[in-house]
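Some notes on the structure that comes next.
Every number here is computed from the coordinates shown, using simple stated rules; none is lab data. Since the structure is predicted, the reported quantities are computational estimates derived from the model, not experimental observations. Note that each Cβ is placed from the backbone with ideal geometry, even for glycine, and that neighbours are counted across all protein chains shown.
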Amino acid sequence: MSKPPHLTDDPNALSTPLDELGWVNVEPNAADVVELREYLRANNGIRGLEILTPDQVDEATRVFYRDGFVVVRDVLSDDQLAFIRGGCDEVIHEILSRDANRFGNRGSHRYSFGGSSLTGHLVHRPEWSMLVDLPSVTPILTSIFGSANYISRGGGGDFCLPGAKEYQALHADMSDRREYTPPGSTHLYTFGSFHDPRGKLNYRDLPCPYVCCNFLMVDFTAFNGATRQIPGTQHSQQPIPDLNEEPEWMKLSAVCPAPAGSVLIRDVRAWHGGTPNLSDEVRAIPNAEFYAPWFREPMRHSMPYAIFDALSEHGKDVCRFIVADSNEEVKTGYRDDIGSVRPQSKRG
């Protein structure tokens, strides 16, 4: 695919300090921005947000199954946090050098790491492969899944720049299997995996099939784009509200305050979305993603064998479905459209 007309290269981005890459064509001191920033400062954040420690494995599991997510602090050492921050810094600069106007691939000033990548993931980089088997997180995942035999589907995450002044609509990261051919196309797209031919169950009736671990590179604050999570929605059969239907309390249900070095462990079925980043810092949350032992979706070979070979024994076991053969080249890099052009499925 060639570069689409809405994207313009920005070679200056490569040498621009990370936190100066935002506020493109957006005025930080505009009246509406100042008003929203102060409103978020005063009102944003989940009241009584529980933040646990890595040793609270049983409590983390309980909160996860109650709310569809849990925050655990201090899961990254200072060295690990610096390492993954460095990887994010490099990748963010490379992505933005392809998008001068900050069009984004999840809305203006808002980007998916994996969506930008040719493989759909970033586990070809050691910073991301490190996240697959952290001693502070692995026991919690084992408890959540009830087994150590869960598997990795890869890892990516997202980031939003200062100047991302719009909310991202609430959504879930998986669905029942459905097929769709766009008008004028002959290509059949398949979305999702689970399908009950009897029509009695859907993916929301299942135990948790798919967990995403988002790692906080900076403190989540009221106005720097913290993820909002709607507690207890992982099994909800109600339609997810559009932005214009969403009640105010949901827009203010951000996972903040929470410190850098924490992990936000999510059941991806729980409703969630991005919030405005009206700060002066980039908010990045690289992730590692895992399937339950009994669940599968198609997985591409996104991890080179050399990266795999450096993992722990548990890490190797977890990554056995995404590792390339030792003689197989994993083509890495970025999509020409950085993921800003996506096939559209009909909304269910």
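Things to note:
- Note on the range 222-310: Kirkwood radius taken over Cα pairs, Stokes-Einstein applied at 4 °C and 1.567 mPa s, translational D equal to 81 µm² s⁻¹.
- For the chain, share of DSSP beta bridges that run antiparallel, in % to the nearest 5: 90 percent
- Cα centre as origin, Lys/Arg/Asp/Glu Cβ charges: the range 147-306 dipole, Debye: 500 debye
- Tensor-based shape of the range 54-201 (alpha-carbon gyration tensor, a/c under 1.5 rounded, otherwise prolate or oblate): oblate
- Taking the inverse of the mean reciprocal distance over all distinct Cα pairs, the Kirkwood hydrodynamic radius of the range 37-77 comes to 11.7 Å.
- The range 135-153 versus the range 1-33: alpha-carbon centroid distance in Å: 38 Å
- Contour minus Cα-Cα distance for VAL34 and ALA100 (0.36 nm per residue): 21.3 nm
- Cα gyration tensor shape of the chain, rounded if a/c is under 1.5, else prolate or oblate by comparing a/b with b/c: rounded
- Listing LEU206, LEU264 from fewest to most neighbouring C-beta atoms within 10 Å gives LEU206, LEU264.
- Integer Hz, Karplus 6.51/-1.76/1.60 couplings in order for the range 145-150, x for Gly and Pro: 7, x, 5, 8, 8, 5
- Comparing the range 192-348 with the 2.2 N^0.38 Å rule of thumb, its C-alpha radius of gyration ratio is 1.22 (two decimals).
- A straight Cα-to-Cα reach below 20 Å connects LYS3 with the lysines LYS331, residues fewer than 8 places away in its own chain not being considered.
- The fewest-to-most ranking of ASP32, ASP158, ASP176 by surrounding Cβ atoms within 10 Å reads ASP32, ASP176, ASP158.
- Judged by the gyration tensor of its Cα atoms, with axes a ≥ b ≥ c, the range 106-265 is rounded; a/c sits under the 1.5 cut.
- ASP55-ASN327 FRET efficiency (beta carbon distance; Förster radius 30 Å; 0.05 resolution): 0.10
- Backbone amide hydrogens, once placed in the peptide plane, bring TYR189 within less than 5 Å of TYR180, THR181, excluding anything fewer than 5 places away on its chain.
- Positive-end extreme of charge dipole, the range 196-272 - chosen from PRO207, ALA270, MET250 (charges on Cβ): PRO207
- Its Cα centre serving as origin, the chain has a Cβ charge dipole (Lys and Arg +1, Asp and Glu -1) of approximately 1180 debye.
- 3J(HN,Hα) from dihedral phi, the range 175-188, Karplus parametrisation 6.51/-1.76/1.60, rounded to Hz, x for glycine, proline: 7, 5, 5, 8, 10, 8, 10, x, x, x, 10, 10, 7, 9
- Scalar couplings 3J(HN,Hα) for the range 272-289, obtained by applying the Karplus form with A = 6.51, B = -1.76, C = 1.60 to θ = phi - 60°, are 7, x, x, 10, x, 9, 10, 9, 10, 9, 6, 9, 10, 9, x, 9, 10, 10 Hz; x denotes Gly and Pro.
- Neighbour counting of Cβ atoms within 10 Å sorts the residues THR227, THR332, fewest neighbours leading, into THR332, THR227.
- Note on the range 185-243 and the range 36-77: Cα centroid distance 18 Å, given to the nearest whole angstrom.
- Of GLY48, SER2, VAL24, farthest towards positive along the dipole that unit charges on Lys, Arg, Asp, Glu beta carbons give the range 1-62: SER2
- GluC sites (Glu not before Pro) restricted to DSSP loop in the range 202-297 with at most 12 other C-beta within 10 Å: GLU245
- Dipole-positive endmost among ILE151, PRO183, ILE84 within the range 83-191 (Cβ charges, Cα centre): PRO183
- Calculated P(r) tail over 19 Å for the range 1-135, as whole % of Cα pairs: 67 percent
- In summary, the aspartates and glutamates within cross-link reach of LYS200, defined as a Cα separation below 17 angstrom excluding same-chain residues under 8 places away, comprise ASP176.
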